[in-house]
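These notes concern the structure reproduced below.
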Amino acid sequence: MKKELWNMLMDSAKADKSKAQLSLNLLSEHPAGIGDHSTQDFYNNAEEALRNLVDAVERIEMLDEINGTTTVEEDYL
């Protein structure tokens, strides 16, 4: 895979990982900021954020496997 394509895909995966981490942090640390949503909305948002985090981490791992590298990532949360 060309370096430019690999870099773009890795940057995208890392950005998605950051968004998911932020969402999970907001949901767990600042739930009052979520507004007038039902408990079910809260659960759905948490599930979606977790799925997005898992997806991003798997993409990072796959890109590392393709490139023969290891990306050192900080804690997931």
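Summary table below
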{"item": "First in the stretch 1-22 and over 17 Å from GLU65 (Cβ atoms), second anywhere and among the hydrophobic types (A, V, I, L, M, F, W, C), Cβ under 7 Å, 6 or more apart", "result": "ASP16/ALA56; ALA20/ALA49; ALA20/LEU53; ALA20/ALA56; GLN21/LEU53; GLN21/LEU77"}
{"item": "Which numbered condition MET8 misses (of (1) modelled with pLDDT of 90 or more; (2) open to solvent by less than 80 Å² (accessible area, probe 1.4 Å); (3) not acidic (Asp, Glu))", "result": "(2)"}
{"item": "Selected residue (criterion: most open to solvent (accessible area, probe 1.4 Å)) from residues of the stretch 11-50 that are small (Gly, Ala, Ser) and modelled with pLDDT under 95", "result": "ALA32"}
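The values are calculated or read from the model by the stated rules, or taken from the named source; none is laboratory data. Remember, it's a predicted structure, so these values are computed and weren't measured experimentally. FYI the Cβ positions are ideal-geometry reconstructions off the backbone, even for glycines, and counts take in every protein chain you see. Keep in mind that these areas ignore ligands, DNA and RNA; they rest on the heavy atoms of the full protein, side chains included. Shrake-Rupley method; radii C 1.70, N 1.55, O 1.52, S 1.80 Å.
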